[in-house]
Amino acid sequence: MSGTFEILFVLYPRFTQLDFAGPYEVFCRIPGVRVRLASPDGGDLVTEHGLTYRGLERLADIDRCDLICVPGGADQSSVTAPETLAEIARLAGGARFTTSVCNGSLVLGAAGLLRGRRSACHWAMRHLLAGYGATPDEARVVRDGDLITGGGVTAGIDFALACAAEIADATVAQAIQLLIEYAPAPPFGSGRPETAAPGVMEAFQKLVAG
């Protein structure tokens, strides 16, 4: 890779912290990469669970990027405003990779970037992709040409490592994986509905309702 590779995260009020934090940790460790954070209005914003991010750039002020990434969130109203979707489409048009994590893919869909493409999403919202002309794919990381999408929340780390292999190479990606000790061994096998133990789905529905 020659020159600086520009990665842009599009953040917005009530985005999901881990959708962003995992990929950010990986991307910042790729040699020759510059990571920028922008939001529809710039300045400060508050995440889904109350963390405050300060001093973000304004999305309309970003001239270009090599990779644009939209994380998921609980309230996507600000990032799906027509003027914001137009900025996302503009930047994606000049980017080498258009990407998302979790239900961030629904934002890409709303921007008209998923028609005829395969895409990942959080399992509970994956069916909504079809409304944007996309083919829902249950894989943890989905690559369709220059479109790379990650599944729900923790899949963001898998997604980012896959991107790192494209931006740099597989050895660099694996070295970053080693550095962050990404060797998942969850205590429960309930990360997907099809593997969740009896009663877990009911507990999930109560959490969502709450």
Pairs with Cβ under 6 Å, 6+ apart, first in the stretch 40-56 and of a type in the set (A, V, I, L, M), second surrounded by 15 or more Cβ atoms within 10 Å (Cβ to Cβ) and in a strand (DSSP E or B): Leu45/Ser39; Leu45/Tyr53; Leu56/Leu37; Leu56/Ala38; Leu56/Ser39
Within the stretch 90-105, restricting to residues that are over 18 Å from His49 (Cα atoms) and touching a helix residue (DSSP H, G or I) at 6+ places or on another chain (Cβ under 6 Å), the one that is surrounded by the most Cβ atoms within 10 Å (Cβ to Cβ) is Ser100
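Among the listed residues Arg64, Arg34, Arg29, Arg54, identify the single one that is at pLDDT 95 or above, of a type in the set (Lys, Arg), more than 16 Å from Ile88 (Cβ to Cβ) and not in a strand (DSSP E or B). Steps first, answer last, please.
Details: Arg64 fails: more than 16 Å from Ile88 (Cβ to Cβ); Arg34 fails: not in a strand (DSSP E or B); Arg54 fails: not in a strand (DSSP E or B).
Arg29 is the lone residue from the list that is at pLDDT 95 or above, of a type in the set (Lys, Arg), more than 16 Å from Ile88 (Cβ to Cβ) and not in a strand (DSSP E or B).
Has the stretch 133-141 got any residue that is free of Cβ contacts under 8 Å to residues at least 40 places away in the same chain, over 26 Å from Ala183 (Cα atoms) and not in a strand (DSSP E or B)?
Step one: list which residues in the stretch 133-141 are free of Cβ contacts under 8 Å to residues at least 40 places away in the same chain, which gives 133-141.
Pick out the ones that are also over 26 Å from Ala183 (Cα atoms) and you get 133-136.
Checking the rest, the ones that are also not in a strand (DSSP E or B) come to 133-134.
Yes; the residues of the stretch 133-141 include at least one that is free of Cβ contacts under 8 Å to residues at least 40 places away in the same chain, over 26 Å from Ala183 (Cα atoms) and not in a strand (DSSP E or B).
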Working only within the stretch 145-170, note down all residues that are part of a helix (DSSP H, G or I) and either within 13 Å of Arg29 (Cα to Cα) or touching a helix residue (DSSP H, G or I) at 6+ places or on another chain (Cβ under 6 Å) (or both). Gly156, Ile157, Ala160, Leu161, Cys163, Ala164, Ala165, Ile167
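Name every residue in the stretch 67-80 that is part of a loop (DSSP other than H, G, I, E, B) and either aliphatic (A, V, I, L, M) or under 26 Å from Arg96 (Cα atoms) (or both), in order of residue number.
Restricting attention to the stretch 67-80, the residues satisfying the condition of being part of a loop (DSSP other than H, G, I, E, B) are 71-72, 74-80.
Hits for the stretch 67-80 are Pro71, Gly72, Ala74, Gln76, Ser78, Val79, Thr80.
Hey, among Glu87, Glu48, which residue is outside any loop (DSSP other than H, G, I, E, B), among the charged types (D, E, K, R) and either crowded, with 24+ Cβ neighbours inside 10 Å or at negative phi (or both)? It would help to see each step written out before you state the result.
Numbers: Glu48 fails: outside any loop (DSSP other than H, G, I, E, B).
Exactly one residue qualifies, and that residue is Glu87.
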Considering every residue within the stretch 162-170, establish whether at least one is loosely packed, with under 14 Cβ neighbours inside 10 Å, over 15 Å from the mean Cα position of the chain (by Cα) and among the β-branched types (Val, Ile, Thr). no
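Restricting the search to the stretch 193-210, which residues are over 20 Å from His49 (Cβ atoms) and in a helix (DSSP H, G or I)? Steps first, answer last, please.
Initial filter on the stretch 193-210 (over 20 Å from His49 (Cβ atoms)): 193-202.
Hits for the stretch 193-210 are Val200, Met201, Glu202.
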Would you please list the contacts, defined by Cβ atoms under 7 Å and residues six or more apart or on different chains, that run from a residue in the stretch 65-76 that is within 18 Å of Glu25 (Cα to Cα) and small (Gly, Ala, Ser) to a residue that is in a loop (DSSP other than H, G, I, E, B) and at pLDDT 95 or above? Gly72/Thr16; Gly72/Cys102; Gly72/Asn103; Gly72/His122
Just to be sure I understand, how many residues within the stretch 65-84 are in contact with a Leu (Cβ under 9 Å, 6 or more places away or on another chain) and either of a type in the set (A, V, I, L, M, F, W, C) or within 23 Å of Asp146 (Cβ to Cβ) (or both)? 12
Index of the failed condition, Ala173 passing every other in (1) touching a strand residue (DSSP E or B) at 6+ places or on another chain (Cβ under 9 Å); (2) buried (at least 19 other Cβ atoms within 10 Å of the Cβ); (3) part of a helix (DSSP H, G or I): (1)
For the stretch 176-192, what are the residues that are without any contact (Cβ under 8 Å) to a residue 40 or more places away in the chain and either farther than 21 Å from Pro31 by Cβ or not in a helix (DSSP H, G or I) (or both)? Glu181, Tyr182, Ala183, Pro184, Ala185, Pro186, Pro187, Phe188, Gly189, Ser190, Gly191
Residue among Ala155, Ala74, Ala120, Ala160 that is modelled with pLDDT under 95 and within 17 Å of Phe20 (Cα to Cα): Ala74
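The values are calculated or read from the model by the stated rules, or taken from the named source; none is laboratory data. All values reported here derive from a predicted model rather than from experimental measurement. Cβ: placed from backbone, ideal geometry, glycine included. Neighbour counts: every protein chain shown.
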